[in-house]
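Student: Pasting in a structure now, in structure tokens, and then I'll have a few things to ask.
The values are calculated or read from the model by the stated rules, or taken from the named source; none is laboratory data. Predicted model only: the values in this text are computed from it and were never measured. Cβ atoms come from the backbone with ideal geometry, glycine included; neighbour counts cover every protein chain shown. Please note that ligands, DNA and RNA were not included when accessible areas were found on the heavy atoms of the full protein model with its side chains. Shrake-Rupley method; radii C 1.70, N 1.55, O 1.52, S 1.80 Å.
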Amino acid sequence: GIGDEVMFGSCIPDLKKTNEVGIIVIPRLKTIFERSFGIKCYDRHEGKDLKRAKEILPDYDFYIGIGDLPRYFRRKHSDFPGAPYLIPDEQRLAEMDSYIGRIGISWRGRNGYYPLGDFPKGISLQYDLDWDEEPEKPHIDVRFDVEGVLALLSVLEKVVCVSTTAAHFAGAIGKKTDVILAPYETARSKNQLNFRWGLGGTSVWYNCATVFRNLEHWQHGSR
């Protein structure tokens, strides 16, 4: 998913130290990755396997899935820099003044959810609203306008969310983020281990993100 590409993208600067890098990405991430990493990006479309990558990038010598990069660059805890690495579009920041200092919220993701009422009032980062959910929404399309989402996140005071794409975008720009792990029984993908966040505490991927094992831990400030 797009959140995983953002998370694994933190390994690209390591790869660039010894290689000239091109990357096939979800089209929505293309301009963000090109600006942030200074590399050439190609639209992924349906090319999810290495055979397709070779067709798109015939002049490259080696090919690797982005999810395999941590095997080489994140072998121990000290290998995780945890520092920001995505850069928002300066022109998009200008339209976000009305959100400065607000809290962004996202209460539902593939790995589970909480009721909207359990979260603080804030600007909704949730793209799949239920019929009875009426949070305050930003003026941008938070599903498809990822450049806008990145700019919006940049001006917020903090983000409170479950495991979702918003958490990865916020962490990747260094925004203070509370990630609250949702109950397993509420997850849409019950066959997936939510390995990204560990058991609680500061995220190894993003130093700015604090992971809480459940809503009660977050409400009491414990991890």
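Student: Suppose only helical runs count, i.e. DSSP H with n ≥ 4. What mean residue ellipticity at 222 nm does that imply for the chain under -39500 (n - 2.57) per run, divided by all residues and rounded to the nearest 500 deg cm²/dmol?
Tutor: -6000 deg cm²/dmol
Student: Next up: Rounded to whole Hz and in sequence order, give me ³J(HN,Hα) for region 113-126 from the Karplus expression 6.51 cos²θ - 1.76 cosθ + 1.60, θ = phi - 60°, writing x for Gly and Pro.
Tutor: Here the 3J(HN,Hα) series is 8, 10, x, 3, x, 7, 9, x, 5, x, 7, 6, 9, 8 Hz.
Student: Still on this structure, I have one more. Per-residue counts of other Cβ atoms within 10 Å, averaged by peptide: what ranking do you get for 172-179, 62-69, highest first? Show your work: numbers first, answer last.
Tutor: Details: 172-179: 21.5, 62-69: 12.6.
With the highest mean Cβ count within 10 Å placed first, the list reads 172-179, 62-69.
Student: Roughly what % antiparallel, to the nearest 5, for the DSSP beta bridges in region 77-198?
Tutor: 15 percent
Student: Which of His168, Val146, Tyr72 sits farthest toward the positive end of the charge dipole of the chain, with +1 on the Cβ of Lys and Arg and -1 on the Cβ of Asp and Glu?
Tutor: Highest projection toward the positive end goes to Tyr72.
Student: Where the accessible area of region 58-175 is counted over protein heavy atoms with a 1.4 Å probe, how much of it, in %, is carbon and sulfur?
Tutor: 50 percent
Student: Sorted by mean Cβ packing within 10 Å, highest first, what order do the peptides 157-168, 82-93 take?
Tutor: Details: 157-168: 24.3, 82-93: 15.7.
The packing order, highest mean first, is 157-168, 82-93.
Student: Now a separate question. Looking at region 64-134, I'd like the Rg to Rh ratio, where Rg is from alpha-carbon atoms and Rh is Kirkwood's inverse mean 1/r.
Tutor: On the way: Rg = 17.6 Å, Rh = 16.2 Å.
Rg divided by Rh gives 1.09.
Student: What order do Phe73, Phe144 take when sorted by accessible area (1.4 Å probe), most exposed first? All intermediate terms of the calculation are to be shown ahead of the outcome.
Tutor: Working: Phe73 50, Phe144 125 Å².
Most to least solvent-accessible, the answer reads Phe144, Phe73.
Student: Extension gain Lys176-Ser98, at 0.36 nm per residue separation less the Cα-Cα distance, in nm?
Tutor: Numbers: separation 78, 0.36 × 78 = 28.08 nm, distance 1.89 nm.
Contour length minus Cα-Cα distance gives 26.2 nm.
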